[in-house]
Structures are given as C-alpha cells and as structure tokens.
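Every number in this text was worked out from the coordinates using simple rules, so none of it is lab data. Since this is a predicted model, take the numbers as computed values, not measurements. FYI the Cβ positions are ideal-geometry reconstructions off the backbone, even for glycines, and counts take in every protein chain you see.
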Amino acid sequence: MTIALNTALRNTRANAIKTDIDKGGAAGKFRVYSGTRPASGGTATTLLAELTYSYPSAPSASGGVLTFSAISPEPSAKATGTATWGRAVDSTGAFVKDFDVGTAGADFNLNTVSITAGVQVSCTSAVITEGNP
C-alpha cells in the first residue's frame, strides 16, 4: 500500500534526518560501502570512502525535498570496490540513515561507483524526497 503525506509532514520527516546528521554541533559523515546493504543500522560491509557533510548539512526541506549543501570529497579512498550503498552518521559516528548510491538518479550521487583506493571520491548531488512516491 502506498501512503500519501501532507507537505508539512514530509518536511518534518526530512528535517529530522538533517537534525540527526547535524547532532552534536559538528559536521556528520557520509560513508560509502561495497557489498549488500544490511538491515537499517546493521553491521556495515567494506568501507570505501568517507565524505564530510557541510555544517549545517542542508537548508530546511521544502515540498518534502531535502537537498544537501556541498559535501567535501574523500581525498584518498580507503579501499577499492564498487559503491553499492552509503550511510549517514552524525559527528560521533552514530547511525542516522542508509542511502542508495549511484552516479545519477540515486539519493546520493557520486562521481563514480568504481572506487579505487587512494583516489578522490566526490559527491555530485544528494537529495532526499520524503513520502508520496
């Protein structure tokens, strides 16, 4: 069953994600992984890269859409592999949300999903659309 949410509720849900990423008054991280994404908040697979959100991570959501501000690249990827999913964590490393990754049309778009250890990994866009699929 598909649900429909009013715009105020969609904005509230998106802004709650932003608030959690910004928790602690410092920039959160976006971790890029290879392998199968675990159940929400579950044990992660191979960490390929760790990018840093701006602080604050995004302006307030509008129309149920949260568009993240610039995200600093990972200057030197930690491992080689294919990026298959990502995880937002706050400044203490606490789980916030898991995301789909890709090069276009994903929640979190990267310059490439073919990550090579030691090579820069960049975010080209990161957007969450809450509710009303």
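Miscellaneous remarks
- Here ALA61 fulfils each of the conditions (1) within 17 Å of LYS29 (Cα to Cα); (2) in contact with an Asp or Glu (Cβ under 8 Å, 6 or more places away or on another chain) apart from (1).
- Filter pass, TYR33 being of a type in the set (Phe, Trp, Tyr), farther than 30 Å from ASN6 by Cα and surrounded by 15 or more Cβ atoms within 10 Å (Cβ to Cβ): yes
- ALA106 meets all of the listed conditions (1) of a type in the set (Gly, Ala, Ser); (2) surrounded by 14 or more Cβ atoms within 10 Å (Cβ to Cβ); (3) over 12 Å from ILE128 (Cβ atoms) but one, namely (3).
- All positions within region 75-88 that are under 13 Å from the mean Cα position of the chain (by Cα) and either surrounded by fewer than 20 Cβ atoms within 10 Å (Cβ to Cβ) or hydroxyl-bearing (Ser, Thr, Tyr) (or both): THR84
- Taking first residues from region 84-100 that are among the hydrophobic types (A, V, I, L, M, F, W, C) and partners that are surrounded by fewer than 17 Cβ atoms within 10 Å (Cβ to Cβ) and in a loop (DSSP other than H, G, I, E, B), the Cβ contacts under 7 Å between residues at least 6 apart in sequence or on separate chains come to PHE95/GLY41.
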